[in-house]
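First the structure, in the form of structure tokens, and then the observations on it.
The values are calculated or read from the model by the stated rules, or taken from the named source; none is laboratory data. Keep in mind it's a predicted model, so treat the numbers as computed, not measured. Because the Cβ atoms are built from the backbone with ideal geometry, glycine has one as well, and the counts that use them run over all protein chains shown.
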Amino acid sequence: MIQLKSTPNHAGLSLTGTVPELDALLNAFSVAAGDGENAPAGLASARSRVVGLHDRLNDQLQAQRDRDTESVTVKAYWPETIFVWVALNNCIRQSYRSAKTSEWDLAVAAIRKFQGQVVDCLRLTVKDFSAARAFQALGTQTFLEDSFIVQYVDELNCRHLALSSAEKRLQNLPVVAKQIAEQGSEYRKFKQSVLDAARQHQCSVEEIGINAEYPQESDILW
């Protein structure tokens, strides 16, 4: 069984399991994400982050596949993981009518188990009663708006990684969960700034970057 745990400095969470267990979870991501060529335009941004997290975790898994150990560990940033948590709901809802197969049923079951583990991990990590409502907002009926501006995820990732202490990151986790689940005023302002920049530069929304930068992998205090 895959074990989820917040990293020591709460930059993200670690997923520890056997190679077959992690392979099975990543395959469930792929099944839920479906075929990008046939995906509705509004689902493309949510799907892109599911695929992106799948690919990064898979790269880590492949690098450890030949290790002579019973289990391996891969890591993901907290904000991105929470976002993908919700994005998976969009993917499952979209594919429900057209993709009902035994493989799809197994994939959805694996994803629901993963989602439950993520929320349990958050609750065990942030032992603060006031944070409970933020985590309760993460439910199977929580969805992203169509054509979500995914640069916002990069903004949240960079902001979270830039926090100077494990305690500040811990305090930020319910804030991030609330921001992604509600897609409220901060996201709306961010979205408008990206749309305005795309119009100004006469380019696609996807070409607009953010001001923050990710730290080098070797510099991240996980």
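Structure notes:
- Boolean, V150 is under 27 Å from I92 (Cα atoms), surrounded by 14 or more Cβ atoms within 10 Å (Cβ to Cβ) and touching a His at 6+ places or on another chain (Cβ under 8 Å): no
- Filter result for T142 (on the phi < 0 side of the Ramachandran plot and touching a Ser or Thr at 6+ places or on another chain (Cβ under 6 Å)): no
- Filter result for the condition that a residue is closer than 30 Å to A24 by Cβ, of a type in the set (G, A, S) and either out of contact with any Gly (no Cβ under 9 Å at 6 or more places or on another chain) or surrounded by 14 or more Cβ atoms within 10 Å (Cβ to Cβ) (or both), over A181, A131: A181
- Among the residues listed as C203, C158, the single one being in a helix (DSSP H, G or I), within 20 Å of S48 (Cα to Cα) and out of contact with any Leu (no Cβ under 9 Å at 6 or more places or on another chain): C158
- Summed over the stretch 115-152, residues that are in a loop (DSSP other than H, G, I, E, B) and either within 27 Å of Q192 (Cα to Cα) or hydrophobic (A, V, I, L, M, F, W, C) (or both) total 14.
- Among the candidates A41, A32, the residue that is surrounded by 14 or more Cβ atoms within 10 Å (Cβ to Cβ), among the small types (G, A, S), within 30 Å of E207 (Cβ to Cβ) and in contact (Cβ under 8 Å) with a residue 12 or more places away in the chain is uniquely A32.
- Against the test of being without any contact (Cβ under 8 Å) to a residue 12 or more places away in the chain and part of a helix (DSSP H, G or I), the options S218, S164 yield a single qualifying residue, S218.
- Yes/no for R112 being in a helix (DSSP H, G or I), within 27 Å of E217 (Cβ to Cβ), of a type in the set (K, R) and within 16 Å of the chain's Cα centre (by Cα): no
- Of the residues screened, R65 is not one that is of a type in the set (D, E, K, R) and either buried (at least 21 other Cβ atoms within 10 Å of the Cβ) or at pLDDT 95 or above (or both).
- Test: residue in the stretch 212-221 that is at negative phi, within 19 Å of the chain's Cα centre (by Cα) and buried (at least 17 other Cβ atoms within 10 Å of the Cβ): no
- Scanning the stretch 86-134 for residues that are of a type in the set (D, E) and within 27 Å of G184 (Cβ to Cβ), we see that the one that is modelled with the highest pLDDT is D120.
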